[in-house]
Structure formats: structure tokens, C-alpha cells
Amino acid sequence: MSQALRAAEQRFGPKVGRRVFEDFRRVDDPEAPVTTTKRFPFDRPGRVNRRAAAVPDLGSIQERNPIQEGSSGGGGGGGGSPLPFPLPLQGGLSLPKQQSNALLIPRKESRSGRAIAVMGPQVGYFSPQILLELDLHGPGIDARGVAFPGISLYILLGRSRDYAWSATTATSDNVDEFAEQLCEPNGSQPTLKSNHYLYRGECRPFVQRDHVLTVTPPPTSPGAPRRITLKVERSVHGPIQARATVAGKPVAIAEARSTYMHELESARAFKRLTGGEVRNAGQFQRTMDLVNFAFNWFYADDRDVTYFTSGWYPRRAKGTNPNLPISGTGEFDWQGFDPETFLSRRLSFREKPKDTNPRRGYLVNWNNKQAPGWRAADDQLSYSSVHRSERLEDRVRAGIRGGASSASRA
């Protein structure tokens, strides 16, 4: 995103270039289709402090490749492709990559008098498929749905005895980039190859280690397992993604994700859902607030339909620009950020988008904007006045037009 800004400034000049960038960015388009019409303002860091932004020089970004070695296992020895799988064939059938959608009608708008929910398929298409079906019955558990192979402790999308739930990807803003100012412990001039950075007045070394993966080839490409060696490089803000220069000075770009080191905490929500511990729409919203990843969650039972956007959304430091990399020296960290626990202040349950039995008669989402005032993430450019979710919304609105007595209702 920062490179788009620099390119616009270079082409149109600083003042006009920034206006072109802001129009392109679509932070909060008031005409964008939304899942709830209720207003939920995102965190607002206030007036931008120029010292807080660390915009890389145009063309200076060098992406980091963590793969150090990739070799065929077994008796063959020798080198091999650094990739754990062969490159996909070009051409052929193109499969859709994003199909997460949800359409819910409350019972007052339903011909049967019961809530209607159409939610799926929620993931891209793969072969083998990425989801595993589970049908669980036992003491305290009576549920059916899907989970990801290898992490199927609980059902992630499915139904219990008297409710069903599903999700779409929220693409909300829980990630920032921090530009770590490179330094040398002896005080000499740093370069793009320096392995120390300046944080809170101290020249610190990056955390570095080798991570070895053994990958079994898929049935479509049989062969010996591959051994992949990845070199991990991390600052207090997260894994290093690239090197660049900012105003000619060398920096490393770290990706700070609010869920970093806390990924397993979301399991509490799915334990409650799988165990039938949710009793109503309000409990569902509170349960899904335990999920720290950015998802839109949908629920239907015999009384209500409801929606909630989960996630840990950090409160940015005053003066930071959420569209651009942040100076990583410590002055502009997330509010309350603790580098030891990777925790910080974040938006509360009350501040996250949600709705139950909406007055307009439906809930629709196809990875579109959540609510008026909810800011698009800095890698999200589709929250505009035209969105694919309208293909669902237009038909639903036509079906319920005229109220519950209409013969054409859903």
C-alpha cells in the first residue's frame, strides 16, 4: 500500500498524489454494501504524526525468502526443488478462490415462520479438500459439521441440536507493518544485511533460528518426502518479511498480527459450540468474541438469526496512519503493547459489528464491508459502492418486499 502512495506522489505530485491514493484506498466508503446498517466506528488514531509513518522508498523493498534449503529425502540425496510441492499447471479449469457467503432471514420474513440460513461453502476449492466432516455424538456432545484436518479438536462450522453456525472471512484490520530501524551494536553504519535493530533505545539482535519441515508429497505427485529448512527472523513486533530503505536508511519490515503467539485461545469458543453450551443469540455473540481471529460469524436457531465480527483489533498509537508502515523504534507501538506477551489494548465487544434479527429483514455477507464506520484493512480494496454481495442482497430484498404478508417473501 505504501508503494501505491509513493507511485501516486511521483506521478501526480505530493498533494494530488495523496488525494488519488485516498480515493483508491476506500477506507470507509459510505456507499459500500454492509452486513449491518448499524454504525460501528473503528479505532481512530487521530491526526497523523509524520514521525510515526515509515514509508519505504519506491522500489527499495526486497522481499525475504525464508527457504534456505529444500532436498529430496530417502536414499537419493542431493538437492531438489525448494518448494514442498510442484508448481501448479498453467491453464485448465480455473476454480474460484473465495466463496465464503452467508444469507440469513429471520422468522418474521419467512413463509414457514422459521428462520432460514444458507451459509457456504466457506473455503476455496482444493483437491484434496481442505475441510474434514465430523459427526460427533456422546456425553455432552451432539453436533455435526466440519473442521480442518490436523486441528479438528472441535467442530468449526456446523450445527448442534437446536442451532447452526458458520463464518466468512472478515478481512478486517488486525495486522500492521513495523519498519525496524537497523543498527550495529558497535555503532558503525548499518546496512540492509544488519541483524540488529533499534527498539526503545537499545540495539537488539533479531531472534533467528532454523525451522525444519518434512513434507510428504501428495498422491498426485508421489515421491520421497522433502526436507525444507526455513530461517526464521523475528523482531519484537513479529516475523521479518522484507528489507527496504526509508529516506535512504536501511530498515527491516516486520509483520505484527494481533493473534501472534495466541492462536490456540480461540478453541474455547468452538468447545462451547460443539458441546451445545450456547442457548441463544446473545450467548452466541459473547462466545464468538472469544475468537481472536478476524471472522464474520452467523447463527440461526428456532427464534433468532444473529451476526458478529470477531477479532483482536489493536488500538493504534495516536498519530499513526493505519494505511502505512509504522516506525518500529517503540514510540508508536500499539497502545499497551507488551513485547514479552504480545498483548495490547484492543477494541471491546461493544465496539465490534453485530446485529440480531435486523429491521431490514435479512443478513447478507460475501466478504463485504461489515458496517458503516468500520475501516477496511490496509490490504482490503474491495469495500466500494459495487460489491458481489449485492448479487445476494438484491434477490433477498425482492423476496421480502411488502413485509411478511407478501406472497413473494422468502
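The values are calculated or read from the model by the stated rules, or taken from the named source; none is laboratory data. Everything numeric here is computed off the predicted structure, so don't read it as measured data. Every residue, glycine as well, gets a Cβ built from its backbone with ideal geometry; the counts of neighbours run over all protein chains shown.
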- Message: Condition check: assigned to a loop (DSSP other than H, G, I, E, B), in the same structural domain as I116 (by TED's automatic domain parsing), under 19 Å from I400 (Cα atoms) and in contact (Cβ under 8 Å) with a residue 40 or more places away in the chain. Does G361 satisfy that?
- Response: yes
- Task: Report yes if R64 is of a type outside the set (G, A, S), at pLDDT 90 or above and surrounded by fewer than 18 Cβ atoms within 10 Å (Cβ to Cβ), otherwise no.
- Result: yes
- Task: Scan the stretch 130-155 for residues that are part of a loop (DSSP other than H, G, I, E, B) and more than 30 Å from P339 (Cα to Cα) and report the count.
- Result: 9
- Task: State which residue pairs qualify: first residue touching a residue at least 24 places away in the same chain (Cβ under 8 Å) and inside the stretch 231-255, second residue part of a loop (DSSP other than H, G, I, E, B) and β-branched (V, I, T) in any location, beta carbons under 7 Å apart, and separation of 6 or more residues or different chains.
- Result: A242/I61; A244/I61; V246/V55; P250/T191
- Message: Just checking, does the stretch 385-401 include any residue being over 24 Å from R107 (Cβ atoms) and under 18 Å from the mean Cα position of the chain (by Cα)?
- Response: no
- Query: Hey, does the stretch 370-379 have a residue that's polar (S, T, N, Q), surrounded by fewer than 21 Cβ atoms within 10 Å (Cβ to Cβ) and over 23 Å from A54 (Cβ atoms)?
  - Reply: no
- In this structure, is Y299 touching a Lys or Arg at 6+ places or on another chain (Cβ under 8 Å) and either surrounded by 22 or more Cβ atoms within 10 Å (Cβ to Cβ) or closer than 30 Å to R360 by Cα (or both)? no
- Task: Need at least 1 residues that are crowded, with 20+ Cβ neighbours inside 10 Å per element, so show me which strands (runs of 3 or more DSSP E) inside the stretch 182-290 make the cut, counting only ones lying wholly within it.
- Result: 196-199, 226-235, 238-246, 249-257
- Query: Checking E22 against (1) surrounded by 15 or more Cβ atoms within 10 Å (Cβ to Cβ); (2) within 23 Å of the chain's Cα centre (by Cα), which single condition isn't satisfied?
  - Reply: (1)
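From the list D394, D378, exactly one residue is among the acidic types (D, E), modelled with pLDDT under 95 and under 14 Å from F42 (Cβ atoms). Which is it? Before the answer, list the steps.
Values: D394 fails: under 14 Å from F42 (Cβ atoms).
One residue alone meets the criteria, D378.
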- Across the stretch 327-355, which residue is farthest from S110 (Cα to Cα) among those that are touching a Leu at 6+ places or on another chain (Cβ under 9 Å) and surrounded by 18 or more Cβ atoms within 10 Å (Cβ to Cβ)? T329
- Would it be correct to say that V123 is in the same structural domain as H387 (by TED's automatic domain parsing), modelled with pLDDT of 90 or more, surrounded by fewer than 18 Cβ atoms within 10 Å (Cβ to Cβ) and within 27 Å of the chain's Cα centre (by Cα)? no
- Note on the structure: Scanning the stretch 344-379 residue by residue, those more than 15 Å from K38 (Cα to Cα) and acidic (D, E) turn out to be D378, D379
- Item | Selected residue (criterion: modelled with the highest pLDDT) from residues of the stretch 155-199 that are under 30 Å from A376 (Cα atoms) and out of contact with any strand residue (DSSP E or B) (no Cβ under 8 Å at 6 or more places or on another chain) | D173
- Message: Please verify whether L95 is at pLDDT 90 or above and either over 30 Å from I253 (Cα atoms) or touching a Lys or Arg at 6+ places or on another chain (Cβ under 6 Å) (or both), treating the condition exactly as stated.
- Response: no
- Note on the structure: Quick count over the stretch 381-390, residues being at pLDDT below 90 and small (G, A, S), is 1
